[in-house]
Amino acid sequence: MIRLNVNIDHIATIRNARGGNEPDPVVAASLAELAGASGIVCHLREDRRHINDRDLRLLREVVQTKLDLEMAANEEIIQIALQTRPELVTIVPEKRQELTTEGGLDVVSQREKLISLCERMHERGIEVSLFVEPEEKQITAAKEVGADMVELHTGTYANAKTPERFKFELNRIINAAAFAGNLELKVAAGHGLNYYNTKHICYIYEIEELSIGHSIISRAALAGIERAVKEMIELINNSTLHRNIDI
Ligand code: PXP
């Protein structure tokens, strides 16, 4: 079975919109695990726009399955990862202005940096996944720098607007997964996967793990709205019954 790792960043995005402490991504992580998630993913960005240092600290304590820390190959975050010791780090490119991770990591042009990163993580018992485009040259480079896994970027596939494009992008992922499998790299996939386009990715033999965030958190917001409204109505009704008590 393919393992589902749930990215809880956008619970933090909602929390940060008000600067308070709810909803708590740490609670979301536990609930996702109770629902069967095989792992929890969070991305500690340089600008801390969603997950922050406190979240990561607590996630490390609370997550019982597997913690996957998405991160840029940046020295400040590398130090935090080495101290936190997630089971896995997924290295992504990071630009300050982007809404979400855009494009895969250029492993080819950063070989030396990534060799050292993999060595340092391995010394601490942390596995390394590189988030790459489904391209042979990036996958080969990932193997050469010592990565354990590649996460194939499914964003272009997810954004395909025509059936022809969909098929073309799916084939790129199928071929890339087979190529990575032949190199004995573990294979994951993620970005833009939702309740419509995940099915075809699951048919790919080499893929072991999926990393999914936005669509699950979006569905949670909508699927949970009925219960949330009912519970607030219940609270209001119960409270109005007791209007005559001293406040
Ligand atoms: N994988 C990686 C490397 C990502 O950067 C992201 C986005 O944080 C995801 C998976 C999840 O993407 P989505 O939120 O679109 O499911």
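The residue that is farthest from ALA147 (Cα to Cα), counting only those in region 92-101 that are β-branched (Val, Ile, Thr) and modelled with pLDDT under 95, is THR100. Return a yes/no flag: does region 58-66 have any residue that is in contact with a Pro (Cβ under 8 Å, 6 or more places away or on another chain), in a helix (DSSP H, G or I) and surrounded by 19 or more Cβ atoms within 10 Å (Cβ to Cβ). Yes; the residues of region 58-66 include at least one that is in contact with a Pro (Cβ under 8 Å, 6 or more places away or on another chain), in a helix (DSSP H, G or I) and surrounded by 19 or more Cβ atoms within 10 Å (Cβ to Cβ). Of ARG243, ARG227, ARG219, all but one fail to be open to solvent by 80 Å² or more (accessible area, probe 1.4 Å), within 15 Å of the ligand (Cβ to nearest atom) and charged (D, E, K, R); the exception is ARG219. With respect to the conditions (1) within 12 Å of the ligand (Cβ to nearest atom); (2) surrounded by fewer than 20 Cβ atoms within 10 Å (Cβ to Cβ), GLU112 falls short on a single one, namely (1).
Only residues that are farther than 15 Å from GLU70 by Cβ, open to solvent by 30 Å² or more (accessible area, probe 1.4 Å) and either of a type in the set (A, V, I, L, M) or touching a helix residue (DSSP H, G or I) at 6+ places or on another chain (Cβ under 9 Å) (or both) were counted across region 124-145, and they come to 8. Would it be correct to say that ALA73 is of a type in the set (Gly, Ala, Ser) and not in a helix (DSSP H, G or I)? Yes: the conditions hold for ALA73.
Scanning region 7-28 for residues that are under 20 Å from MET71 (Cα atoms) and in contact with an Asp or Glu (Cβ under 9 Å, 6 or more places away or on another chain) yields ASN7, ILE8, ASP9, ILE11, ALA12, PRO25, VAL26. Candidates in region 1-46 are the residues that are open to solvent by less than 40 Å² (accessible area, probe 1.4 Å) and acidic (Asp, Glu); of these, the one that is nearest to the ligand (Cβ to nearest atom) is ASP9. Here TYR195 fulfils each of the conditions (1) more than 14 Å from the ligand (Cβ to nearest atom); (2) over 21 Å from VAL92 (Cα atoms) apart from (1).
Residues are listed down the side, and each one gets a yes or a no for (1) under 19 Å from VAL187 (Cβ atoms); (2) at pLDDT below 95; (3) not in a loop (DSSP other than H, G, I, E, B):
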position: ASP68; (1), (2), (3): yes, no, yes
position: GLN79; (1), (2), (3): no, no, yes
position: THR90; (1), (2), (3): yes, no, yes
position: GLY103; (1), (2), (3): yes, yes, no
position: ARG111; (1), (2), (3): no, no, yes
position: LEU114; (1), (2), (3): yes, no, yes
position: GLY125; (1), (2), (3): no, no, no
position: ILE139; (1), (2), (3): yes, no, yes
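The values are calculated or read from the model by the stated rules, or taken from the named source; none is laboratory data. Bear in mind that the values here come from a model prediction, so they are computed numbers and not experimental data. Please note: Cβ atoms are built from the backbone with ideal geometry, for glycine as well, and neighbour counts cover all protein chains shown. Heads up: the accessible areas ignore ligands, DNA and RNA and are worked out on the full protein's heavy atoms, side chains in. Shrake-Rupley method; radii C 1.70, N 1.55, O 1.52, S 1.80 Å.
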